[in-house]
């Protein structure tokens, strides 16, 4: 089977507070440490597990992003992915959900995939919309929030996370599958993985390779516009209050203010 | 070469038979030993010929003087006599063998003094045998059980030695009786005359029977030896001679990471010959098990089983390693494992369980106590390396540790930019601001980020300021040393971190090797620094050990001092004025493994504490080089402890036994583990955990405000 | 002219889902709210929606929606969009609706703004959607074109309101569901009885440490967790002390959690613990020691006795919840 996994390089969510540049209205990506989205690490683990259990399958990681995103793809290769594709083009900067999904779908279409893995959502944007949009552009079914996936013949069966448990959902292949974060243990690369990652096939595509018009993607194609960027209510730096009998009320007020009740 | 009074073989036919049997036994023995030696020859290379003079000296002390085993006095003495008895009995044996050729040993062959000495040792060994048998059969310390050689090996050996002694005594008795005292021996002179009545012919016959019995017992022993734990008899002297003389705290470097085929050890033959020799040398005394913090808290790790597991796996794989046996070797007797085709289990995850490998705190207590210089920890780390770097198979909670060290330069999800935040407002310069600083205070991740250990860092700053030390810290230029990564088996990550740190340290001119060359040239090092050897101090024994003992493997040579030693030095140089006996609380001191056992620092911290505390230092049951680990070393601080008792609580309970109110430590990991341990045993009210620096800093405050309430009053 | 806003209303246990009603109420404030209800229980749910702000309800009571995920709903909405051009699709953020919104957006090239905490139309009738970004920024965004756009609202961003006496016009949709869209089939639904705290998934965690004093007092932590609808957790210290099984442990060793709310009760905040929970969105800490490191990460810190504060807080939360 030809399996694909869509991945993304993001500012390290654990150490970097995600910031927007008021001038460009885009995510600040300079001067911060960039990593493969931790959510994608578990998605890759799920894809590798499936590839290995199916046998005779190839797993390709695909990403859209600036040149620096090859580092994230190298990490995916080190983890055990067989091949990587990076779609990089200046015209892609500022792409929204649809632009991103359109681009990835165009690249995936050339490959005739059997199964496309995505994370449920990225750890920086959290929209969770790209996988569904890719599925729509490719005309494929989508199996979302999977915490377990099995392929049985020409069908995929997943356990789909719900509020109270899970649903067993099946669909014909090819399909897009999104993996619920934390469902799989991320793979820490072996030395062999790290060394062989340098030699595995790595291709780079531009917009013209995909036959996409620049007006459909990037900032030009965006269907949303940022009007302004403001400062959030500064996270009140540790308000410390001595209990004078009204602590319960103070806490309850706090919870209510933040819609936590 | 005077002939014996009686020919033991009774002529050339007997002698011929003897020669044939003797040569056959020697051949089988040779084949078996040859197999063992070939296995070593096929193993990885390692140079152990440095420090020759010390090697010879220690060899004499440990092998001939038996200093290793004598640390445990009762079995130690018994072993001492068995060892020397064995050597002397060999001469007696040679004498008896020469008898078959109508000869005897030069000088001592008929010497009564030698004969008397020989028999005295026969008696000593006999007593020792009784001691051993009682221990093995009745006392039965748990550490003696042997999975590899089964429960009978020990008894078979004891039985064989007993038979050797018995047949020797009988040979002497009937030799004396048959020759009417001409063949003199002490035992013969005691028992021989009672048999005069049997008549000379009978006595001669009995002499010959027992001569044969003695020779055959000895030869069976010889053939049995290589496949038993008594292989140590031959291997131990070599093992002691070739022991490690490098820094004890340094794990071996895994070279050439980019082009290697394997990373660590998953098959026995990937160990170096010395690591494998350890298996041959192991006497299976189990002393290592008795001191191991994992074994003692019910974890599936027994250090002895690690050593024997490696040996077992090596012997199991002998045909894979050496190739199919030839016709000779196919003789079952000629094979160390009796040539059986047992199912071969993998070394890691088979013969040795992964859980056992992950349970190790690398505290080094096993290596410290081993009488025959076996190196347990490097083997464990070698196998961990394979698990981590080849299989990516390690406790899942370690993944984030590795990722964080690699991405953030510290074990947590904290940006390394915030490394100097703890020092805000304390007036601590960064190296970048004070490049001429004499002393670099290497704060380490715990001191920089952990709230509890930040207090230690703050205390140390107070001390340095009070002593007028010109110092600085690196701040965000400092990264994790990589120590936990290395000990968990991620050599790649350690090398990455080490190189990064070495670059920073060198840029400020701390590298002593570099400073020397630079001085030789222009008197100036990199970064325009004056090149002189400058000191790095740290309150973290793990940082201390790896920078001092392991960074040299990558070209980083630094003068590194643990803060307890530095404080001691400041006091003795008079730079630090402390009120003596200001602290009246009862105090005990825990020796951190990487300060004590690995780097031999025992006295300095005690000296500092003794000055301050009116009661001096109350010692715990296990102290100094036998200190019991806090449970946090070897990366264990980052792993779950799911099995057995808690190591930290075990040690805290030991501190509580002394009725001390203060448990003084000198390691951030010990402090973290003990803080948790004290909470775990619910002893917060009774026991405080404090770093030496905190105690000293408080004394300084005390000195500044003499009217303040004295601690503990 | 009033904006027409469509709200896809989900059904939970035969009743309109709370998250849908929140959004419906907001839509009713912004303009003309029209609800779409799909699935076998749609007809019974539809009449009640007027009371929550809907002026009109499109109903298609077909069990196909209950068995086949996403695509039938997308088709129906898509058909409806061919006939009418609402100004906005304002949807709640739920597992199922997210999938539907993504496909609709791609199929009709609709701009898509997610995670909205507020939205309004300015004087020039331009939509302004407020979206928090990271911890520091708030973005105001719009759909920069004429025509329909999609906005997904963050759960609990709006409150459910009643529009007394409002009656919704009900239109039965007559669509034929396409067999080729019946692909993602639900074979089984499994309710998982939570055994012990489902810490990793909980959006609210109440956690206890040694400051609780005695094992018996841990029940206060459990009780607060229960009334808040969260999960109880613990520090290594009290797990080590044997108060609780290991599955409760949060920290470097133990579980790493990132809930929306983390209430630390009697926890000093050793780094081993902080490492496991500092990613929480809001942290409330109650501790006697004002120098406890936990306060350095807390949004709200109460210096006080947990044993006094917790019982009061449990009552206060119960009281306020009853009022909501």
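The values are calculated or read from the model by the stated rules, or taken from the named source; none is laboratory data. For clarity, every value in this text was computed on a predicted model and none was experimentally measured. Heads up, the Cβs are rebuilt from the backbone with ideal geometry, glycines too, and the neighbour counts pull from every protein chain shown.
Results for (1) at the interface with chain A (Cβ under 10 Å from one of its Cβ atoms); (2) closer than 20 Å to residue B:542 by Cα; (3) buried (at least 19 other Cβ atoms within 10 Å of the Cβ), shown as yes or no for each residue.
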site	(1), (2), (3)
B:404	yes, yes, yes
B:412	yes, yes, yes
B:416	yes, yes, yes
B:419	no, yes, yes
B:426	no, no, no
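Which of the residues that make up the stretch C:304-321 are surrounded by fewer than 17 Cβ atoms within 10 Å (Cβ to Cβ), at the interface with chain A (Cβ under 7 Å from one of its Cβ atoms) and in contact with a helix residue (DSSP H, G or I) (Cβ under 6 Å, 6 or more places away or on another chain)?
C:320, the sole residue that qualifies.
Restricting to the stretch C:57-80, count the residues that are within 14 Å of chain A (Cβ to nearest Cβ) and either over 28 Å from residue A:175 (Cβ atoms) or assigned to a strand (DSSP E or B) (or both).
Count: 1.
Those residues that are part of a helix (DSSP H, G or I) and more than 7 Å from chain A (Cβ to nearest Cβ), I need them from the stretch C:102-118; list them, please.
Once the filter is applied, which keeps residues that are part of a helix (DSSP H, G or I) and more than 7 Å from chain A (Cβ to nearest Cβ), the stretch C:102-118 yields C:104, C:108.
Out of (1) within 14 Å of chain A (Cβ to nearest Cβ); (2) at pLDDT 95 or above; (3) touching a strand residue (DSSP E or B) at 6+ places or on another chain (Cβ under 9 Å); (4) part of a helix (DSSP H, G or I), what's the single condition that is false for residue C:28?
For residue C:28, the failing item is (1).
So, of the residues in the stretch C:219-234 that are surrounded by fewer than 19 Cβ atoms within 10 Å (Cβ to Cβ) and under 13 Å from residue C:208 (Cβ atoms), which turns out to be nearest to the other protein chains (Cβ to nearest Cβ)?
The residue in question is C:223.
Look at the stretch C:133-170 and say how many of its residues are surrounded by 16 or more Cβ atoms within 10 Å (Cβ to Cβ), under 17 Å from residue A:98 (Cα atoms) and at the interface with chain A (Cβ under 7 Å from one of its Cβ atoms).
Matching residues across the stretch C:133-170 total 3.
Kindly provide the set of residues from the stretch C:254-266 that are under 14 Å from residue C:212 (Cα atoms) and within 10 Å of another protein chain (Cβ to nearest Cβ), ordered by number. Before you say what the answer is, go through the steps one by one.
We begin by selecting, within the stretch C:254-266, every residue under 14 Å from residue C:212 (Cα atoms); these are C:263-266.
Across the stretch C:254-266, the qualifying residue is only C:263.
Tell me the residue from A:148, A:170 that is part of a strand (DSSP E or B), touching a residue at least 12 places away in the same chain (Cβ under 8 Å), surrounded by fewer than 21 Cβ atoms within 10 Å (Cβ to Cβ) and in contact with a helix residue (DSSP H, G or I) (Cβ under 9 Å, 6 or more places away or on another chain), please.
Exactly one residue qualifies, and that residue is A:148.
From (1) part of a strand (DSSP E or B); (2) away from chain A (no Cβ under 12 Å), pick out the condition that doesn't hold for residue C:130.
Single failed check for residue C:130: (2).
Checking residue B:400 against (1) crowded, with 20+ Cβ neighbours inside 10 Å; (2) touching a residue at least 24 places away in the same chain (Cβ under 8 Å); (3) at the interface with another protein chain (Cβ under 9 Å from one of its Cβ atoms), which single condition isn't satisfied?
(2)
Return the residue satisfying two criteria in turn: it lies in the stretch C:81-96 and is within 12 Å of chain A (Cβ to nearest Cβ) and surrounded by fewer than 24 Cβ atoms within 10 Å (Cβ to Cβ), and of such residues it is farthest from residue C:40 (Cα to Cα).
The extreme case among them is C:93.
I'd like to verify a number: residues in the stretch A:191-230 that are within 30 Å of residue B:390 (Cβ to Cβ) and free of Cβ contacts under 8 Å to residues at least 60 places away in the same chain, how many? Please lay out each step first, then the result.
Kept after step one, since they are within 30 Å of residue B:390 (Cβ to Cβ), are these residues of the stretch A:191-230: A:191-203.
Applying the additional criterion that residues be free of Cβ contacts under 8 Å to residues at least 60 places away in the same chain yields A:191-192, A:195, A:199.
The qualifying residues number 4.
With the checklist (1) facing chain A (nearest Cβ under 10 Å); (2) buried (at least 18 other Cβ atoms within 10 Å of the Cβ); (3) part of a helix (DSSP H, G or I); (4) free of Cβ contacts under 8 Å to residues at least 60 places away in the same chain in hand, flag the one item residue C:237 doesn't pass.
(1)
If a residue has to be without any contact (Cβ under 8 Å) to a residue 60 or more places away in the chain and either surrounded by fewer than 18 Cβ atoms within 10 Å (Cβ to Cβ) or within 16 Å of residue B:274 (Cβ to Cβ) (or both) to count, how many in the stretch B:213-232 make the cut?
1
Quick one: is residue C:128 surrounded by fewer than 18 Cβ atoms within 10 Å (Cβ to Cβ) and modelled with pLDDT under 95?
So residue C:128 fails the test.
Mind listing just one residue for me: the one in the stretch C:29-80 that is without any contact (Cβ under 8 Å) to a residue 40 or more places away in the chain and closer than 20 Å to residue C:188 by Cβ and, of those, surrounded by the most Cβ atoms within 10 Å (Cβ to Cβ)?
C:65
For residue A:127, which of the numbered conditions (1) in contact with a helix residue (DSSP H, G or I) (Cβ under 6 Å, 6 or more places away or on another chain); (2) more than 9 Å from chain C (Cβ to nearest Cβ); (3) under 25 Å from residue A:28 (Cα atoms) fails to hold?
The failed condition is (2).
Is at least one residue of the stretch C:119-126 farther than 25 Å from residue A:221 by Cα and more than 9 Å from every other protein chain (Cβ to nearest Cβ)? So that I can check it myself, show each step before the final result.
We begin by selecting, within the stretch C:119-126, every residue farther than 25 Å from residue A:221 by Cα; these are C:123.
When the remaining residues are screened for being more than 9 Å from every other protein chain (Cβ to nearest Cβ), the result is C:123.
Yes.
Give me the helices (runs of 4 or more DSSP H) completely within the stretch B:573-690, filtered to those with at least 1 residues that are surrounded by fewer than 23 Cβ atoms within 10 Å (Cβ to Cβ) and on the phi > 0 side of the Ramachandran plot, ordered by residue number.
No helices (runs of 4 or more DSSP H) qualify here.
Kindly provide the set of residues from the stretch B:94-112 that are in a helix (DSSP H, G or I) and either in contact with a helix residue (DSSP H, G or I) (Cβ under 6 Å, 6 or more places away or on another chain) or farther than 30 Å from residue B:14 by Cβ (or both), ordered by number.
Answer for the stretch B:94-112, where residues must be in a helix (DSSP H, G or I) and either in contact with a helix residue (DSSP H, G or I) (Cβ under 6 Å, 6 or more places away or on another chain) or farther than 30 Å from residue B:14 by Cβ (or both): just B:100.
Return yes or no: is residue B:243 under 30 Å from residue B:84 (Cα atoms) and either in contact with a helix residue (DSSP H, G or I) (Cβ under 7 Å, 6 or more places away or on another chain) or surrounded by 15 or more Cβ atoms within 10 Å (Cβ to Cβ) (or both)?
yes
Of the conditions (1) out of contact with any strand residue (DSSP E or B) (no Cβ under 7 Å at 6 or more places or on another chain); (2) within 12 Å of chain C (Cβ to nearest Cβ), residue A:173 satisfies every one except a single condition; which number is it?
If we test residue A:173 against (1) out of contact with any strand residue (DSSP E or B) (no Cβ under 7 Å at 6 or more places or on another chain); (2) within 12 Å of chain C (Cβ to nearest Cβ), just (1) comes out false.
If you check C:301, C:276, C:269, C:251, which single one turns out to be without any contact (Cβ under 8 Å) to a residue 40 or more places away in the chain, away from chain A (no Cβ under 11 Å) and in contact with a strand residue (DSSP E or B) (Cβ under 6 Å, 6 or more places away or on another chain)?
Exactly one residue qualifies, and that residue is C:276.
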